[in-house]
Amino acid sequence: MRADWNEFVTNRIDYAQGTYRKTLEFRHRQTVEAQMEEMLTTCLTKDEKTMVDEVLFAKGLMLEQDGERLYRQGMKDCVAVLKELGVLD
């Protein structure tokens, strides 16, 4: 059952991410990220940029994991509410 739940939630996360990537908000974010990348490239030495890239990559992974945990908890909370309301048994 747990493997089925994990697969279900992973599929929902993938769907949500795919849907988000089709939005104007996501395209705007990509533009901002490209501008920040350009700033890093022009304002830092190669070694400094490498270090900043490594830090930002690690931070990005942590934020992605946090988002996934929150999404999973939200799904659990939704099921708990539906059970409390008697919609699910």
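The values are calculated or read from the model by the stated rules, or taken from the named source; none is laboratory data. In this text, all values refer to a predicted model and were calculated from it rather than measured experimentally. In this analysis, Cβ positions are derived from the backbone assuming ideal geometry, glycine residues included, and neighbour counts consider all displayed protein chains.
Return yes or no: is GLY86 at positive phi and free of Cβ contacts under 8 Å to residues at least 24 places away in the same chain?
Yes, satisfied.
Mind checking which helices (runs of 4 or more DSSP H) fall wholly inside the chain and carry at least 2 residues that are more than 22 Å from the chain's Cα centre (by Cα), surrounded by 10 or more Cβ atoms within 10 Å (Cβ to Cβ) and not β-branched (Val, Ile, Thr)?
The qualifying helices (runs of 4 or more DSSP H) are 24-43, 46-84.
Pairs please, first residue from segment 21-47 and modelled with pLDDT under 95, second anywhere and surrounded by 10 or more Cβ atoms within 10 Å (Cβ to Cβ) and not hydrophobic (A, V, I, L, M, F, W, C), Cβ atoms under 7 Å, 6+ apart in sequence or on different chains.
From segment 21-47, the pairs are LEU40/LYS49; THR41/LYS49.
For residues that are among the charged types (D, E, K, R), out of contact with any helix residue (DSSP H, G or I) (no Cβ under 8 Å at 6 or more places or on another chain) and under 16 Å from ILE13 (Cα atoms), tally how many sit in segment 51-71.
Result for segment 51-71: 3.
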